[in-house]
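In what follows, a single structure is set out as structure tokens and then discussed.
The values are calculated or read from the model by the stated rules, or taken from the named source; none is laboratory data. In this text, all values refer to a predicted model and were calculated from it rather than measured experimentally. Cβ coordinates were reconstructed from backbone atoms using ideal geometry, including for glycine residues, and neighbour counts include every protein chain displayed.
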Amino acid sequence: MYSNFYIFRYASVMVIIVAAILSSAAMFLKPLQDENFRIDKMKGILASANIEATTENAIELYNKNITQEIVINNKGEVVSDFVDGKFVSGDLSAFKLDLKKELYKKSKGLDYNIPLLVAESNGTKTYIIPLRGVGLWGPIWGNIALQDNFSTVIGVTFGHKGETPGLGAEIDTKNFQVQFVNKEVFKDGKFQSVKVVKGGVAILPTDMQIHGVDAISGGTITSDAVSEMLANCLENYVPFINKSK
Amino acid sequence: MSDKKEKEALFSVKNRKLLINPLHKENPITIQVLGICSALAVTAKVKPAFVMALSVMAVLAIGNVIISILRNGIPPRIRIIVQLVVIAALVILVDQVLKAYVFDISKQLSVFVGLIITNCIIMGRFEAFAMANRPWESFLDGLGNAFGYGWILIVVAFFRELLGSGTFWDIPVMEYLGVYDFGYKNNGFMILPPMALIIVGVIIWVQRSKDKTLVEQK
């Protein structure tokens, strides 16, 4: 029979050893994981602009296609401009900007910055806007690529931490994302966003159908979260867009 | 007392049984009906199924050895918690390693890697085998059960991917065979979780009709 003291000692020692092992593994693997996250982010950004990248060529394609990275403040002024590998003004990296922190500042009514990435091919610009929001079980994120009129959607990508597989997690599938193509973010010059509609876009009035996509059956909360994320992130760009028109 | 036992060959008949029995007669999925949840969750494609099988193998084999080494010191009153801590620690390690080295697959497996913790095969083997046997035997038992789990997973995934997506290991097999020209279509139903259970059911059926000793006597 084991004494209570033995049991306590056993449990404590075990927990300390396990904690030490896990934290050293986490520290050791962190650089590799961070690099993977960075490449994955690049892939997401490229994919929204319909550029298919693999893990191997993501960095190369990113550097080739994303010609400009801009940081904008909430008044629509350019804070930092990074063109062809050089800072033209400011020194904030739009790619590295932590959207989570900036959106938190927004929710607290503070000044915040937002990133805007520009891909240029054959003289036409594609604007890519990173997105971040709150899903059912954890964070959701994504990118939306707009034509140079800042309204027509070229493509989107979404990712999630832990939405329900088969239901909410469907937001990261092609089938869901392809619906966004050619939808409009602005309606007669007014910000409208693109909504994920429960029951399908068919229930919307005809003139609104261009601003909606079908929701996922069984994934209503995640679908709503996507609408919310799009509206919350895209509206920040309205002052900038109005200025540049 | 264990003089004789220690001289036992590494792959004696008894030890080989530990490795081979779980493949068929004591299969964790088809006979003991454990680990069904993950069997239906990760088998839409062969690749994640394969990685899942490998991950479970790592956790089960290493975990069995750890528990077996500790078995004489583990206070029985907290043994389940000790087992859980070992499983959880190993699963977190596996998850971290996947994230670092095979990120794409880790993304596909997402929550399921975490769910290895709840895979009852692992807890079952710790409790039923590793707590009462020496490390080497426990290691073999862990490997054997993981193989038993893994081959079912891969067979199920093979059929689901082939018939559901027309691919094998993401290679478009059906396209190469040219069956689409004859009007063949992928069966989307195969992608859905219920089909995993139906395929597992078919495997159980085949297995039991071939080996009548597996059929329970009423």
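All told, residue B:45 falls short of being out of contact with any helix residue (DSSP H, G or I) (no Cβ under 6 Å at 6 or more places or on another chain) and of a type in the set (D, E, K, R).
Within region A:155-213, the set of residues being more than 14 Å from chain B (Cβ to nearest Cβ), closer than 29 Å to residue B:112 by Cα and surrounded by fewer than 19 Cβ atoms within 10 Å (Cβ to Cβ) comprises A:178, A:179, A:198. Taken residue by residue, region A:42-52 has no member that is facing chain B (nearest Cβ under 10 Å), more than 27 Å from residue A:123 (Cβ to Cβ) and part of a helix (DSSP H, G or I). Scoring residue B:11 on the criteria (1) over 25 Å from residue B:167 (Cβ atoms); (2) part of a helix (DSSP H, G or I); (3) of a type outside the set (D, E, K, R); (4) modelled with pLDDT under 80 leaves a single failure, condition (2).
Taken together, the residues in region A:172-216 that are assigned to a loop (DSSP other than H, G, I, E, B), aliphatic (A, V, I, L, M) and more than 20 Å from the chain's Cα centre (by Cα) amount to 1. Only residues that are surrounded by fewer than 20 Cβ atoms within 10 Å (Cβ to Cβ) and more than 11 Å from chain A (Cβ to nearest Cβ) were counted in region B:106-128, giving 7. Within region B:93-105, residues that are under 14 Å from residue B:116 (Cβ atoms) and polar (S, T, N, Q) reach partners that are modelled with pLDDT of 85 or more and in a helix (DSSP H, G or I) with beta carbons closer than 8 Å, at six or more positions or on different chains, in the pairs B:96/A:25; B:96/A:26; B:96/A:29; B:96/A:33.
Please determine whether any residue of region B:83-103 is of a type in the set (S, T, N, Q), more than 13 Å from every other protein chain (Cβ to nearest Cβ) and buried (at least 16 other Cβ atoms within 10 Å of the Cβ). Within region B:83-103, not a single residue is of a type in the set (S, T, N, Q), more than 13 Å from every other protein chain (Cβ to nearest Cβ) and buried (at least 16 other Cβ atoms within 10 Å of the Cβ). Considering region B:32-74, and only residues there that are under 10 Å from the mean Cα position of the chain (by Cα) and either of a type in the set (Lys, Arg) or part of a loop (DSSP other than H, G, I, E, B) (or both), the residue that is surrounded by the most Cβ atoms within 10 Å (Cβ to Cβ) turns out to be B:35.
Here the condition is being among the small types (Gly, Ala, Ser) and under 26 Å from residue B:97 (Cα atoms); of B:183, B:178, B:188, B:144, it holds for B:144 alone. The residue that is farthest from residue A:119 (Cα to Cα), counting only those in region A:83-107 that are in a loop (DSSP other than H, G, I, E, B) and in contact with a Pro (Cβ under 6 Å, 6 or more places away or on another chain), is A:97.
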